[in-house]
Structure formats: C-alpha cells, structure tokens
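See below for the structure under consideration.
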Amino acid sequence: MSTPRTLARKLFAPLLDKLEGGDQPHRYTPKARLILWVTGLLFLGLATGLAVFLPKGTDPAVMIPIGIFGLVGLFAVVVAWLGSERAVARVWGSR
C-alpha cells in the first residue's frame, strides 16, 4: 500500500524531477528546508488572507497577485515536504 507521501511525489514528479536532476555538487543545510517551509506557509497565508478579506465588487485583476502568491507558496511547501536535499539546495541556488 502506498503512502500519501509516495502518491504526492508521483503527482508532483514533473516539478521535482527538474529540481533533483543533475550531478553537480550541491551544498545543503537543514535550515534551508525550514526556511523554505516558513516562506511557503507565509505566502500561502498571505494569499488566503487576501482572498478571504477581499471586499465585494473589487476588480477581478486583484486575483492575479493572489494567484501568484498562492502558487509560490504551494511550490515552496511542496519542495520543502517532498523534495530531496538537492531540490532544496537548487531552490536556494546553492550548488
């Protein structure tokens, strides 16, 4: 029986494969994963807060930054949760 983490890795495989590929040396620190978690949760919280407290009748163009914040937050949380050390290091650009 597969675990939720295994299923999520299969779902996000196209994203994770690009970040985990290659054989260049990388420098990973555990704090990088923690900072990625915090950053992702902050971006998701910002997107959720903006969407929830958006006044009625607001211009629909406001949804663009909300969507961008949400996607950045989702990206960071997915890489922090499912990504290997190489993927986390590549997000921060430390090779």
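We did not get these values from a lab; they are worked out from the coordinates using the rules stated. Remember, predicted model here, so these are calculated numbers, not experimental data. Because the Cβ atoms are built from the backbone with ideal geometry, glycine has one as well, and the counts that use them run over all protein chains shown.
Fewest neighbouring Cβ atoms within 10 Å first, the residues Val88, Val52, Val62 line up as Val52, Val62, Val88. In terms of Cα atoms, the Rg and Dmax of the chain work out to 15.8, 51 Å.
Across the range 20-32, computed HN-Hα scalar couplings (Karplus, 6.51 cos²θ - 1.76 cosθ + 1.60, θ = phi - 60°) run 8, x, x, 10, 5, x, 9, 10, 10, 10, x, 5, 4 Hz from first to last residue, x flagging Gly and Pro. Among Ile64, Ile35, the order by Cβ neighbours within 10 angstrom, fewest to most, reads Ile64, Ile35. Considering only Gly70, Gly21, Gly57, the Gaussian network model of the chain with Cα springs below 10 Å gives its largest mean-square fluctuation to Gly57. Straight-distance candidates among the lysines for linking to Lys10, with alpha-carbon spacing under 20 Å and chain neighbours fewer than 8 residues away dropped: Lys18.
Estimated from helical segments only, the mean residue ellipticity of the chain at 222 nm is -22500 deg cm²/dmol, where each DSSP H run of four or more residues counts as -39500 (n - 2.57).
Spin-label pair Val62-Lys31: with each label point 7 Å from Cα along the Cα-Cβ axis, the two points sit 3.8 nm from one another. Near Phe12, no amide H atom lies under 5 Å from its own; only residues 5 or more places off or on other chains count, and H is placed 1.01 Å from N. Of the residues Ser84, Ser2, the one with the fewest other Cβ atoms within 10 Å heads the list, and the complete ranking is Ser2, Ser84.
For the range 25-70, taking Cα atoms only, Rg and Dmax work out to 15.1, 51 Å respectively.
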